[in-house]
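Participant: Sending over a structure as structure tokens; questions will come in a sec.
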Amino acid sequence: MGIYMCELCGYEYRPKDGDVENGIPENTDFEDLPEDWVCPLCGAGKEDFAIEESASEDEEESY
């Protein structure tokens, strides 16, 4: 599971965390989000997100 970043505001969707405040349970892959899901910070659609290739979740957790 990769981390997806909103290209408009920088919000990071992390599948392991989900978006619990907006009804998306933990461990929900980005591809499994409802089509009408939007960025909780700026309201951007899924099409405005890109997968981060630079760091894995394990690397980021070690900092």
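Participant: List pairs: first residue in the stretch 35-51 and over 15 Å from Gly18 (Cβ atoms), second residue of a type in the set (Asp, Glu) and part of a loop (DSSP other than H, G, I, E, B) anywhere in the structure, Cβ distance under 6 angstrom, at least six positions apart or on different chains.
Facilitator: Note: pairs meeting the criteria are Asp48/Glu7; Ala50/Glu7.
Participant: Looking at (1) modelled with pLDDT under 95; (2) in a loop (DSSP other than H, G, I, E, B), find the lone condition where Asp58 falls short.
Facilitator: Of (1) modelled with pLDDT under 95; (2) in a loop (DSSP other than H, G, I, E, B), only one is false for Asp58: (2).
Participant: Shifting gears a bit: Against the definition (modelled with pLDDT under 95, more than 12 Å from the chain's Cα centre (by Cα) and not small (Gly, Ala, Ser)), how does Glu52 come out, yes or no?
Facilitator: no
The values are calculated or read from the model by the stated rules, or taken from the named source; none is laboratory data. Every value quoted in this text rests on a predicted model; they were computed, and no experiment measured them. Quick reminder, even Gly has a Cβ in these numbers, built from the backbone with ideal geometry, and neighbours come from all protein chains shown.
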